[in-house]
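For reference, the structure is listed below as structure tokens.
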Amino acid sequence: MNIIVCIKQVPDTTNVRIDPETNTLIRAGVQSIINPFDAYAIEEGVRLKEKFGGTVTIVTMGPPQAEEALREAISLGADEAVLVSDRAFAGSDTWATSYTLSKAIQKIGQFDLIICGKQAIDGDTAQVGPGISAHLDIPQITYVKKIEDVKLDGAHRHMRAEKMTEEGYEIIESPLPCLITVVKEINEPRLPSLKGKMRAKKIEIKKILAKDLDVDPGLLGLNGSPTKVVRIFTPPPRKGGQMLEGEAKEICGKLVELLKCEIP
Amino acid sequence: MDYLLTEEQVMIRDLARQIAQEKIKPLAAKYDAEGIFPWDIIKIMSDSDLCGIYIEEKYGGTGGGAMELVLATEELSRACGGISLAFAATALGTYPIILFGTDEQKKKYLPDIAKGKKLAAFGLTEAGAGSDAGAIATTAEKKGDYYILNGTKQWITNGGEAETYTVVASVDRSKGARGAAAFIVEKGMKGFEFGKKEDKMGIRASATRELVFTDCKIPKENLLGKEGMGFIVAMKTFDQSRPGVAAQAVGIAQGALDLTIEYMKQRKQFGKSITSFQGLQFMLADMATEIEASRALVYACARMLDSGNPKVGKESAMAKLFASDTAMKVTTDCVQLFGGYGYMRDYPIEKFMRDAKITQIYEGTNQIQRGIIANHVIKESVSK
Amino acid sequence: MSIKVITEKCTGCKLCVRVCPFGAIEVVNKKAVINLDKCTLCGACIESCKFSAIVLTKLSPSDIDFPKKLDAYKDVWVFCEQKKGAVQSVAYELLGKGRELADQLGVDLCGVLLGENVKTEAQKVIHRGANKVYLVDAPELKNYQDEPYSKVLVKLIKEHKPEIVLCGATSIGRSLISRVAIGIHAGLTADCTGLDIDRKERLLLQTRPAFGGNIMATIICPNHRPQMSTVRHKVMKEAEENKHHKGQIIEKKYGKEEYFSRTKLLDIVEEIEETVNLTEADIIVSGGRGMQNPENFKLVEDLAKVLGGAVGASRAAVDSGWKTYSHQVGQTGKTVCPKIYIACGISGQIQHLVGMQSSEIIVAINKDPHAPIFTVATYGIVGDLFEILPELTKRFKEVLKK
């Protein structure tokens, strides 16, 4: 099975703080990590490879430092890594990103499955995965929490998966090749192995530049992005309210009075 | 301190640290309270290729030695000295095979241990033979193609959980220490049973049991080295494994110190955090220095061993002695620095003190270590 | 397009360094230097510089002079998500906001409804303010599937050219609209918390959180139509129902080609939890490390039950195995915005706060007066939750007895 996993290197937003004096983001000392949802995607790809054979190719679009994330993915069991990086891609919104990635994937070659994490924790849009499947015109299953079965032999190659919904889940069957986005319920990512880490250190990362792709340059980067960010600001910090004082019974009495009208 | 580790050693250390912080730390209190053996951690270590870091590549390991072993053991012990023991004591039980096994024996037993599929244990101590190891009463009677083992080993770490046991027994009691031999015994062999699991003060996630041999028949192919070499096997094994115990002690001490400083920073008395008080700062400085000194001694000893130097008896004993005494002192002071909270089982620090104690006792008590060191320095002085 | 620092104006104050979400700026020899490999041209630094020392430079023809026929696009559309033949309340919230936007632009508000036998629902959409409803009723559209819904929506948009399309940021909405946006080369902004109109430019101003909610971004789509946004449930206010409001239902029919789905829906499984769905709940009572053990969590559950709310948990509580992951609130769990959020024994680390800080009323109960949760709590109680929770439960029970 030829599996492609798309990952993104993101700042660890769980550790991002707001400077209380200037009310701005403090980015110093915040590590770059593999987007947490993508870690689940990598794990699922590696598990499928272990079950069905084949290769797992990790693809990322980002600045040169994203290579670290690719090497980390190799240490987790992936086979190949591709860095799609070029100044021309800078400023891409999700449309341009999914366009660029879909072209890069076409260049990489034949695949049976593309796995993406549900969303990136910096952008939080969840748009790139479905965007890629739209550009490639392949079916998609989003919010996959379990892959039930994969049938690779015969004419009708397909997979069956559980797609998480607000009320529970749906069972969807899709022909291959297709794209899936995965949620955290799907598996428990493994830790890197020593052999994996050594491999990651030595492996040659394939690089794809804008000129290597069969693309319309007008559709790349900031120019190719339909959406434009005009302003970034930090939300006014939520102010604390009042502290309720007194004995437990007193406090409870006060709180009940304050809340009772708010309860629908 | 920068110990100029190789890239691979850094990888091993970082991987062990990741496992310790992400997987072991959350479980430590529960496994200690309930005495749960950490098979799940062994699986994680096995999946990460860490179980064979001191075993040759040709037998399934990753080709490292004592240095790799101590790096991993220290990191794991920082999270829990009991859980790390499942790994460290396996090394102890495996070294007799590594040092004295034939190629066939190595091929048969090492791969599964290197892959983390099986654990090992070393059986020397008996009720009547602790420091006086020469007084062992377990016998191995040669009968045709077999040896028949009879006797009981006491307080064996990994006892009951491991599949592979290296056991020292007496073939000829009239020869005393020179009549002993080392054997490989497998769990499940007829006549090999286990006693009850001991209820210990500390390292409670580690399993400690008696090994009971009743006419246990083992094939002669399982003899390690030659008859009469039993104590040589034991001594050489301890030389190799003492840095491992020392590393466990360094890890326990470091883990305790790290927790303590974190606590002290947020504990406020007299309007400020208690890290502001010079008396306590001095305690921290002493502890940090002593731990670093232990670590440096352990690494120096491990490097000596890896260089193939056969004369490591004194250094090995020094590393074990100093690191374990440091661990006991540091963890006791750490409980002190936590104040009343240090005494409460709800808080994690008292466990470190309970865990540290055993490092002063097993694999040769610190009194025996002092004896060994004294013998060496006296001998060396005479030969000048 | 690129970015540069006007070194004569730069004072090396480092404000831009702090603000850059991508760590792309350094101060070298007292002047700011932007690392173009890391810079994503988001513009946060331009906004922050007090000396106007950072500017965007144009390397290629300005993209503002595309002669696109944007005035052909009119009307505000709301995709009305339906499940089991019933329009979901998120659609009514979007219709409420959509009406405001349509009025500002002077255009119609239109609903888009796909399903089977949903004509009566289309009427409900009109009662909520829509001037028109584009209805596509076919058995193949009974349940949502990515391909048929996207193909139909793309066809509708291409034919009728709306200038704005709004959709709920639900699991259906997000999958659907992401796919549609590609097909029509439109800009899409997810999880908008604010939508406004810039009347001069006739642009939709879309405001949304990023970086786990730590910063807000305002986004426009100047040269592509429609401008598309998804909005989370319970962010906007529902449009009021007016049974007298009249509108047009425009029925559309498409062919097998549009209705064909390569994926097949084999089964729908509902997992009814004993407690209310967390993200829908109006009241959430959440427990953290301070609950100490799983038995004590019952106190949290009792209070939730009396209030008719859902039970939440911090990551610490979930990691300890006291509640399952589906109850986890926070960065790596669910984001909730109930009316009332009661945090019991939760210290309030940022990872938890980002998951619940937009709750209307936050009540925090913690024994540590310095717990960060008190910085966002509407009402803070420093005390023993083992005393307070049972007392609260008792009192609410009395007061709420109808």
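FYI, it's all coordinate maths here, none of it is from the lab. Just so we're clear, the structure is a prediction, and the values are computed from it rather than from any experiment. Here the Cβ is made from the backbone with ideal geometry for all residues, glycine too, and neighbour counts use every protein chain on show.
Taking beta carbons within 10 Å but only from partner chains, what does the mean come to for residues A:241-253?
On the way: counts 11, 4, 8, 9, 4, 2, 3, 11, 5, 1, 9, 12, 3.
Neighbouring Cβ atoms belonging to other protein chains average 6 per residue here.
In summary, the lysines within cross-link reach of C:K84, defined as a Cα separation below 16 angstrom excluding same-chain residues under 8 places away, comprise C:K119, C:K124, C:K142.
Taking 31 Å as the cut-off for C-alpha to C-alpha distance, list the pairs among C:K14/C:K234; C:K132/C:K339; A:K184/C:K158; B:K23/B:K329 that go past it. Please report the intermediate quantities before stating the final value.
Values: C:K14/C:K234 39 Å; C:K132/C:K339 33 Å; A:K184/C:K158 36 Å; B:K23/B:K329 27 Å.
Exceeds cut-off: C:K14/C:K234; C:K132/C:K339; A:K184/C:K158.
The calculated P(r) of the range A:145-256, using every Cα pair and 10 Å bins from 0, goes 9, 14, 16, 31, 15, 9, 7, 0 in percent. Please work out whether the range C:87-132 counts as rounded, prolate or oblate from its C-alpha gyration tensor, where a ≥ b ≥ c are the square roots of the eigenvalues and a/c under 1.5 means rounded, while otherwise a/b larger than b/c means prolate and anything else oblate? Prolate, since a/c reaches 1.5 and a/b exceeds b/c. Among the residues of C:166-175, the average count of other protein chain beta-carbon atoms within 10 Å of the residue beta-carbon is 4. Taking only Cα atoms, what is the 0 to 90° angle, nearest 10, from helix B:66-79's long axis to the longest principal axis of chain B? Helix B:66-79 sits roughly 50 degrees off the main axis of chain B. Taking every alpha carbon pair in the range C:303-402, what does the distance histogram look like in 10 angstrom bins from 0, in percent? Spelled out per bin, shortest first, that is 16, 48, 32, 3.
For chain C, what are the DSSP H helices with axial Cα length of 18 Å or more and mean Kyte-Doolittle hydropathy of at least -1.0? Passing helices, by number: C:89-105, C:146-160, C:171-183, C:385-400.
Please sort A:113-119, C:79-85 by packing, taking for each peptide the average over its residues of neighbouring beta carbons within 10 angstrom, highest first. The partial results should precede the final answer.
Values: A:113-119: 26.0, C:79-85: 20.6.
The peptides rank, most packed first, as A:113-119, C:79-85.
Scanning residues 5 or more positions from A:R157 or on other chains, those with amide H under 5 Å from its amide H are A:L176, with H placed 1.01 Å from N in the peptide plane.
With the helix formula -39500 (n - 2.57) applied to DSSP H stretches of n ≥ 4, chain C reaches a computed 222 nm mean residue ellipticity of -7500 deg cm²/dmol.
Counting only residues at least eight positions apart within a chain, or on another chain, the lysines with an alpha carbon under 17 Å from that of A:K249 are A:K260, C:K367, C:K394, C:K397. Bridging of B:K320 to aspartates and glutamates at a Cα separation below 12 Å is possible for B:D239, B:E363, once same-chain residues fewer than 8 apart are set aside. Per-residue Cβ neighbour counts within 10 Å put C:W322, A:W95 in the sequence C:W322, A:W95, beginning with the fewest.
Among the residues of A:119-128, the average count of other protein chain beta-carbon atoms within 10 Å of the residue beta-carbon is 6. Put simply, the range B:237-383 fits an ellipsoid with semi-axes of 34, 14, 12 Å; these come from the alpha carbon gyration tensor as the roots of five times its eigenvalues, largest first. Eigen-decomposition of the gyration tensor built on the alpha-carbon atoms of the range C:70-259 gives equivalent ellipsoid semi-axes of 24, 18, 17 angstrom, largest listed first.
Distance from the C-alpha centroid of the range C:341-377 to that of the range B:248-297: 31 Å, rounded to the whole angstrom. A simple rule links phi to the HN-Hα coupling: the Karplus curve 6.51 cos²θ - 1.76 cosθ + 1.60 with θ = phi - 60°, which for the range B:127-139 gives 4, x, 9, x, 4, 8, 4, x, 8, 4, 10, 5, 10 Hz, with x for Gly and Pro. Dividing the mean sequence gap of close Cα pairs (under 8 Å, 6+ apart) by how many residues the range A:2-230 holds gives a relative contact order of 26 percent.
Relative contact order for the range B:181-289: 23 percent, from Cα pairs under 8 Å spaced at least 6 residues apart, divided by residue count. Roughly how many whole Å is it from the C-alpha centroid of the range B:112-150 to that of the range C:170-196? Measuring centre to centre over Cα atoms gives 70 Å. Hey, can you grab everything whose amide H is under 5 Å from the amide H of C:I6? Only 5+ residues off in sequence or another chain; H modelled, so Pro and N-termini drop out. Answer set, sorted by chain and number: C:I54, C:V55.
Note on chain B: GNM, Cα springs under 10 Å; of B:N222, B:N366, B:N309, the largest mean-square fluctuation is that of B:N309. Highest mean first, the peptides A:237-250, C:336-349 sorted by other C-beta atoms within 10 Å per residue fall in the order C:336-349, A:237-250.
Just how far, in whole angstrom, is the range C:227-275 from the range B:317-368 if you go by their alpha carbon centroids? The range B:317-368 and the range C:227-275 have Cα centres separated by 64 Å.
Comparing A:P11, A:P226, A:P189 in a Gaussian network model of chain A (Cα springs below 10 Å), the most mobile by mean-square fluctuation is A:P226.
Once you compute Rg and the Kirkwood Rh from C-alpha atoms, what is the Rg to Rh ratio for chain B?
For chain B, the value is 0.98.
With contacts taken as Cα pairs under 8 Å at a separation of at least 6 residues, chain C carries a relative contact order of 12 percent. Among B:E74, B:E57, B:E315, the residue with the largest mean-square fluctuation in a Gaussian network model of chain B, with springs joining Cα atoms closer than 10 Å, is B:E57. Per the Cα gyration tensor, the protein assembly as shown maps to an equivalent ellipsoid with semi-axes of 60, 33, 29 Å, ordered largest to smallest. Compactness of the range B:7-119 is given as radius of gyration and Dmax, 13.6, 42 Å, from Cα positions.
How would you classify chain C from its alpha-carbon gyration tensor, with a ≥ b ≥ c the square roots of the eigenvalues: rounded for a/c under 1.5, else prolate if a/b is greater than b/c, otherwise oblate? Taking the square roots of the gyration eigenvalues as a ≥ b ≥ c, chain C is oblate.
Helix B:7-19 and the long axis of chain B differ in direction by around 70°, with both axes built from C-alpha atoms. From least to most packed, judged by other beta carbons within 10 angstrom and beginning with the fewest, B:C80, B:C216 follow the order B:C216, B:C80.
Could you tell me what fraction of 2.2 N^0.38 Å the Cα radius of gyration of the range B:72-219 comes to, as a two-decimal ratio?
Numbers: Rg = 15.2 Å, N = 148, 2.2 N^0.38 = 14.7 Å.
Working it through for the range B:72-219, the quotient is 1.03.
How many lysine pairs does the range B:148-197 hold where the Cα atoms are under 26 Å apart and the two sit 8 or more places apart or on different chains? Walk me through the numbers before you get to the answer.
Numbers: B:K153/B:K175; B:K153/B:K187; B:K153/B:K190; B:K153/B:K196; B:K153/B:K197; B:K187/B:K196; B:K187/B:K197.
Lysine pairs satisfying the spacing and distance rule in the range B:148-197 number 7.
Against chain B, whose longest principal axis comes from its Cα atoms, helix B:83-100 is set at around 40 degrees.
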